[in-house]
Amino acid sequence: MELSFGSEFDGFRSEVREFIKANWPPADGNLKSHENERAFVLAGVERGYMHRSIPKAYGGSEQPADIIKAEILREELTKARAPAGRIPGNGLVVPVLLEWGTEEQKQKWIAPTLRGDIIWAQGFSEPNAGSDLASLRTKAELSADGSKWIINGQKIWTTHGHKATHMFCLVRTEPDAPKHAGISYLLVDIRQPGVTVRPLVQMTRQKEFSEVFFDNAETPADMLVGERGKGWNVTRSTLKHERSGIATMTWSLSMFRDLVKLAKEVERDGQPAIKHPRIREELAAIEGQLMSLTYSTYRATSHDVHGRDIGTFQTMPKVYMTELAGRISKLARDIVENDFVDMSGERLKWIERFMISLSMSIAGGTSNIQRNIIAERSLGLPRDKNPGAPA
Amino acid sequence: MELSFGSEFDGFRSEVREFIKANWPPADGNLKSHENERAFVLAGVERGYMHRSIPKAYGGSEQPADIIKAEILREELTKARAPAGRIPGNGLVVPVLLEWGTEEQKQKWIAPTLRGDIIWAQGFSEPNAGSDLASLRTKAELSADGSKWIINGQKIWTTHGHKATHMFCLVRTEPDAPKHAGISYLLVDIRQPGVTVRPLVQMTRQKEFSEVFFDNAETPADMLVGERGKGWNVTRSTLKHERSGIATMTWSLSMFRDLVKLAKEVERDGQPAIKHPRIREELAAIEGQLMSLTYSTYRATSHDVHGRDIGTFQTMPKVYMTELAGRISKLARDIVENDFVDMSGERLKWIERFMISLSMSIAGGTSNIQRNIIAERSLGLPRDKNPGAPA
Amino acid sequence: MNFLLSEEQLALVDSVSNLLRDKCDPLRVHKIFDVPGDARFDSELWSALCDMGVPALIVPENHGGLGLELVDLAIVAEALGRAVAPVPFLGHALATLAISLAGSEAQKAKWLPLLASGEALGTVALCEGKGGWMPEQWTLSGARLTGSKTLVPNAAEADLIIVGTADGLSLVEKGAGFSITRVDSADRTRPVDTLAFEDVAAEILPEGKAASTRLIDAAAVLLAADSFGGAEHCVSMSVDYAKMREQYGQPIAAFQGLRYQLVAMALATEPSRGLYWYAAHAWDAIPDKSSHAASQAKAHLSDTYLQVTRDTVEAHGGIGFTWEHDTHLYMKRAMLNWAWLGSPSRHRLRAADLAGW
Amino acid sequence: MNFLLSEEQLALVDSVSNLLRDKCDPLRVHKIFDVPGDARFDSELWSALCDMGVPALIVPENHGGLGLELVDLAIVAEALGRAVAPVPFLGHALATLAISLAGSEAQKAKWLPLLASGEALGTVALCEGKGGWMPEQWTLSGARLTGSKTLVPNAAEADLIIVGTADGLSLVEKGAGFSITRVDSADRTRPVDTLAFEDVAAEILPEGKAASTRLIDAAAVLLAADSFGGAEHCVSMSVDYAKMREQYGQPIAAFQGLRYQLVAMALATEPSRGLYWYAAHAWDAIPDKSSHAASQAKAHLSDTYLQVTRDTVEAHGGIGFTWEHDTHLYMKRAMLNWAWLGSPSRHRLRAADLAGW
């Protein structure tokens, strides 16, 4: 048993560090400039550090898959607050194009997407198609001359809708075909008159998602990815590409570190809150869960690296972390007491987390959907005839 | 708003006290003798204190229903540890006989049952018919001459099987009729060769239930209660007659009182455990739940008394108390620490409660069945096509 | 036994509920909620409640009130909580109570009629610093007050403020020269302010020392009642949504997993009604149990309410997380009920002390 | 990164598991369980485990052992826990560990080969009174011991007992004249005794002072591993029952409410595997994290195990509450894992102290 990445990777890590040191922060010190980001990412691609899974032909660096190197890169880039060339929506559409796109589509879209010249929004959910995606209604009809798609309908929970220039979405192209059939995967320029993007304000006051309305919006016929009516299979592959377990786990770890810091800072009955037996014990209990998540994730990653089956844990991290985040934010609430209501106060971050821990249980498949997946895939229970969940 | 029973009942309470004082404990001081119990109960019936809902003709005292008087009697008899003439199984069969029995059956069975000369076991559940009672298989066939039923099969979770002289049970008399139909309600003398009673030992080492095996056991044809094949409706009425909410609540109250006593007795880090902030706070949280149960029960009883609808609370006490009992016994465990494993130690009672709090969630309809009832009756959710539960 | 509401009380709840149905629909609450800067309260709704006699409920008859009990006030608080009503009820009711409990005859004569009619608006300034909610923690004192108070409901709009002090309770009038800073509070249905006093003229209420605990206990009961109303509404909102929302070709209410989650919400909520009733009744009729019951009610109900609002978000999925949906109005009201007067943990420990443990 | 079991370790687990499948089926465990009076252990199973080299795993090679690590012992403990194996593994492994960590060369030479082969049975006497599990609470001392120790595993059957003392650790041989009282313990798969020493001859282990904390941490890891094995078995037992048990004409696994309850059990159990692995690994390779990890593992796993056994009863309904069913064997084993070495609460506070909070 060995937890470190092993010395064979030390060399790689120092190379990466040097590279970052040399290229970030940028000479002009402007961390926000797209140009600087772009230059850094291109240099990263040169070195084989970024877009590693993408062929050189489409602007990637075409490196053999290596979970450890990928993780080392993630760690070092995060530490240096340097761009990783990862833009959420884009990370979802590129693999799809690679798997299903025509050569023209690959040539045309992948490189600019990797450079971040194009930003993609995901258009899947609809008001009446949440967990039950297959019941979506937004429809696209081919124009008489067959040159373009005319799109009408509404999308919701669209990520980055306000920043995005384009959208990859699921639309119904075969109205008469049964539920899952009849859906196609389309690319759409959303900076056009027929498209209205309306940000959705969340209870935290943040605007992470949008509603997008299509009113005779248009997109060229060749913006169809995969076969007409086969959009469902195309998405399946999209959903595979998600954050690695380690990233997830690191997120919880940093949230927990903040919690410990909070418990040390805040006074309660004349001593740091962390000395209060109930808070102290709950904090330790949370740490026990977190250590479970952490080391089971290392175990899973190791199994991945060595091509062993991860087993039942595979389906669990999301719900586990969601419940843990709720537990963490409740303890934070107990510590901050009065500050828990002050949205301009020093503890705002904890108020937001108290709420966001809930959206985690909704975004990308509600916790109940996750439970259904665990029941079927990990526990091997017979398929559920009632797979339902609220979202 | 008024919590006390009101002065109009003070007179009644003192009468009851005098009566008990005069008759219990018995002259010879033998609290266990059936004769003494019987004499006391008969005197109680004379005074209209016991078997109040049963007509005089069948040995009851035929009193107008009065929840408050009933509750006062329960309190005073419990306080004096005097017999209340209540024998669990018997309390379930008498109402059935009153509602469905023939005049002969009422004459023959009710009086001796009230006197406790007959003790009844309930024979409903079977190994493959738990929450889904209607799938029971024990069958009874009428003998060729039509004079008696021949019974074959097995019952489980039979209460007081070892003490009982007779059983009221559900058996399948119409093998070809669909599930719910084809079931009949039979009375059987279980002190006969064809019946084997095998006590079921529980994890607590106690023997509360039995398995009962019928191997060509016999019972006279006129032991059928209600119509042949209509046993299902007959049971429905049995299930109505359960302990009053107040009794339930008092049970939790006394368990909680013990818990507080325990927390004061046991030393932890040089002071009573009750001073330990986590234990103290959890104890108070439990008390909050208990007070909720208590005063909502008083509210419900008051509504009953005044003929008002109790509302959604009606279906809730059982699961609520089950969960509360689990919470109480876990805190007790945290307090007794090492003693939690010593089955001959001073904390045995708490080890048993730790386990019994689970059997509560099973006996008389599992917690999941209770949840189904709450969902349908209290929340008005559409009937569940999958009403399932493990038991 | 008679632990239920009288015909009169049922009638009272009905009329208040009907008024709220007309004048306090969610859309209206959202409107109030959406103007952060000057979030004050719904004055039209408040005056309608005043016309109905709500502020007069617990004012003695000889001072123009109805001379009713805390129970009556609490069942109204439940109705207001159910509607997340944006009105200055909490501070006003407590200020009124403070004067009737602790004021001199002159103070009562001057203020109670104005408070009963709603011509004057009152509030209470209790907390000092981040957690100084209890009388023994109050430091301001004397006839001229210096110091500060936090989380004071609607202070900016109030004509008089009852201030908790080392002497007990003191009365400060609008414009007496203290500074007011409105907090950017999560709950915009009941805005709160931070007050800074510097040598500000105040009238001591003669019986304030004795009354301050009674005042705290009454506040706990009213928060518990408000919490019950809100939680109960969240449960029925979630149940209704489950019946109406369809996925996979059927109402999601058909999914047993969700059904049990809804049942858990109802199990947490409904039985707690008896606890707040008892706490209110104890305040009126069982003095020696009153403080203990009040703290238990505040702890259990504000805790339950907040959790139920979280469950409500999950029961609604994404829509329940949006600003447009009602859920966050309830969650944020629950957040104030949770923190105001001290966290559940504080009140459980207070109850434990009072139980003599 | 290489946080997984080696081929050798997988082979070790396999062979132990196969042996247990043959020689430790539930019926056999029930038999042992049903003779309260002289509940000792399954000697046939134990000698088979000894022949397989289980007690030799962590004995240094130069003393007739295999010189492996705590991780190897822990994965065996997991397998034994999964089978609720009625063998004196816990006490024996810890006694062996104590001597290899703290014994003199002579003591090692004399005892380790006997312990490695299983010719001699060892155990440890740690706790004093109702909760004196930690070295700083140990009061017996000197070359002749007087005092008492509680919850000592299989003391009646042991040839030597390592006693935790104020000096560190001492070795007492069978028949040295101490009295043994078998406790009527819930868990009859691992009987425990109360020992009373009165001026009993004992050999001090030279390195005992330093080793006692290591010993405690190792004990915590082994209990955590045993707990994981038991909990995981309870989950699969419940899942299998749900697939097989029919009600209302279908397997109860079709009921989503129950499905989610099973999912909750699995979610509590499976991820905790990494925690006990890490605690074992830290004991072997990351000394400065070892105590903290060990206490976290003991607290979290024993707590989880006991809860999962409760959930298992509910998942089985009535049958799961009977003496004949396997569930109570696991619950009672979980009860000892929970209490032995100190409750989860104690270990969480220990972890908090060690974290420097």
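The values are calculated or read from the model by the stated rules, or taken from the named source; none is laboratory data. Quick caveat, the model's predicted, so the values are computed rather than measured. Here Cβ is always computed from backbone atoms with ideal geometry, including for glycine, and neighbour counts include all displayed protein chains.
Residues that are assigned to a strand (DSSP E or B) and surrounded by fewer than 21 Cβ atoms within 10 Å (Cβ to Cβ) occur at least once in segment A:221-237. Report yes if some residue within segment C:201-215 is out of contact with any strand residue (DSSP E or B) (no Cβ under 9 Å at 6 or more places or on another chain) and surrounded by 24 or more Cβ atoms within 10 Å (Cβ to Cβ); otherwise report no. Taking every residue of segment C:201-215 in turn, none turns out to be out of contact with any strand residue (DSSP E or B) (no Cβ under 9 Å at 6 or more places or on another chain) and surrounded by 24 or more Cβ atoms within 10 Å (Cβ to Cβ). Looking across segment D:329-357, the residues that are in contact with a strand residue (DSSP E or B) (Cβ under 9 Å, 6 or more places away or on another chain) and assigned to a loop (DSSP other than H, G, I, E, B) come down to D:Trp340, D:Leu341, D:Gly342, D:Trp357. Screening D:Glu78, D:Glu136 for residues that are in a helix (DSSP H, G or I), within 14 Å of chain B (Cβ to nearest Cβ) and under 27 Å from D:Ala279 (Cα atoms) leaves exactly one candidate, D:Glu136. Restricted to segment D:197-299, the set of helices (runs of 4 or more DSSP H) holding at least 1 residues that are within 26 Å of A:Glu282 (Cβ to Cβ) and among the β-branched types (Val, Ile, Thr) comprises D:208-244, D:256-269. Of all residues being at the interface with chain C (Cβ under 10 Å from one of its Cβ atoms) and in a helix (DSSP H, G or I) in segment B:254-278, which is surrounded by the fewest Cβ atoms within 10 Å (Cβ to Cβ)? Just the residue, please. Ranking the candidates gives B:Lys264 first.
Residues of segment D:255-270 include none that is within 8 Å of chain A (Cβ to nearest Cβ), buried (at least 23 other Cβ atoms within 10 Å of the Cβ) and touching a His at 6+ places or on another chain (Cβ under 6 Å). Does at least one position in segment C:311-323 carry a residue that is away from chain A (no Cβ under 13 Å), farther than 18 Å from A:Ser131 by Cβ and hydrophobic (A, V, I, L, M, F, W, C)? Looking through segment C:311-323, none of the residues is away from chain A (no Cβ under 13 Å), farther than 18 Å from A:Ser131 by Cβ and hydrophobic (A, V, I, L, M, F, W, C).
Every test in (1) touching a Phe, Trp or Tyr at 6+ places or on another chain (Cβ under 8 Å); (2) at pLDDT 95 or above is passed by C:Arg188 save one, and that test is (2). Only one entry in B:Lys56, B:Lys79 is more than 26 Å from B:Asn233 (Cβ to Cβ), under 20 Å from the mean Cα position of the chain (by Cα), free of Cβ contacts under 8 Å to residues at least 12 places away in the same chain and more than 14 Å from chain C (Cβ to nearest Cβ), namely B:Lys79. Scanning segment B:252-272 for residues that are more than 27 Å from B:Thr322 (Cα to Cα) and in contact with a helix residue (DSSP H, G or I) (Cβ under 8 Å, 6 or more places away or on another chain) yields B:Glu267, B:Arg268, B:Pro272.
Just one of the listed residues (C:Lys149, C:Lys130) is within 23 Å of C:Asp199 (Cβ to Cβ), within 14 Å of another protein chain (Cβ to nearest Cβ) and of a type outside the set (Phe, Trp, Tyr), and it is C:Lys149. Counting the residues of segment A:1-29 that are more than 14 Å from chain D (Cβ to nearest Cβ) and within 26 Å of the chain's Cα centre (by Cα) gives 5. For C:Leu12, the conditions (1) part of a helix (DSSP H, G or I); (2) modelled with pLDDT of 95 or more; (3) surrounded by fewer than 20 Cβ atoms within 10 Å (Cβ to Cβ) are fulfilled apart from (3). Each residue in segment A:48-104 was checked for being closer than 24 Å to A:Thr158 by Cβ and outside any helix (DSSP H, G or I), and 6 pass. In the set B:Ile190, B:Ile156, only one residue is within 14 Å of chain D (Cβ to nearest Cβ) and either crowded, with 21+ Cβ neighbours inside 10 Å or at positive phi (or both); that residue is B:Ile156. Within the option set A:Ile279, A:Ile246, A:Ile286, being at pLDDT below 95 and among the hydrophobic types (A, V, I, L, M, F, W, C) holds for one residue only, A:Ile246.
Inside segment C:286-316, residues that are among the small types (Gly, Ala, Ser), free of Cβ contacts under 8 Å to residues at least 60 places away in the same chain and over 19 Å from C:Ala339 (Cα atoms) make up a count of 0.
Filtered by the rule that a residue be of a type in the set (D, E, K, R) and not in a strand (DSSP E or B), segment B:125-182 gives B:Asp132, B:Arg137, B:Asp145, B:Lys163, B:Glu174, B:Asp176, B:Lys179. Summed over segment B:345-359, the residues that are more than 20 Å from the chain's Cα centre (by Cα), of a type outside the set (A, V, I, L, M) and surrounded by fewer than 21 Cβ atoms within 10 Å (Cβ to Cβ) give a count of 3. Annotation: of all residues in segment B:285-315 being outside any helix (DSSP H, G or I) and more than 7 Å from every other protein chain (Cβ to nearest Cβ), the one that is surrounded by the fewest Cβ atoms within 10 Å (Cβ to Cβ) is B:Gly307. Taken over segment D:112-127, the criterion of being within 28 Å of D:Pro344 (Cα to Cα) and more than 13 Å from chain B (Cβ to nearest Cβ) is satisfied by D:Gly122, D:Thr123, D:Val124, D:Ala125.
Residues considered: B:Met203, B:Met223. Of these, the only one that is at pLDDT 90 or above and in contact with a His (Cβ under 7 Å, 6 or more places away or on another chain) is B:Met203. For segment B:344-388, the set of residues classified as at pLDDT below 80 and either more than 8 Å from every other protein chain (Cβ to nearest Cβ) or assigned to a helix (DSSP H, G or I) (or both) consists of B:Met360, B:Gly364, B:Gly365, listed by residue number. Taking the numbered list (1) within 10 Å of chain A (Cβ to nearest Cβ); (2) aromatic (Phe, Trp, Tyr); (3) more than 16 Å from the chain's Cα centre (by Cα) in turn, C:Trp340 passes all entries but (3).
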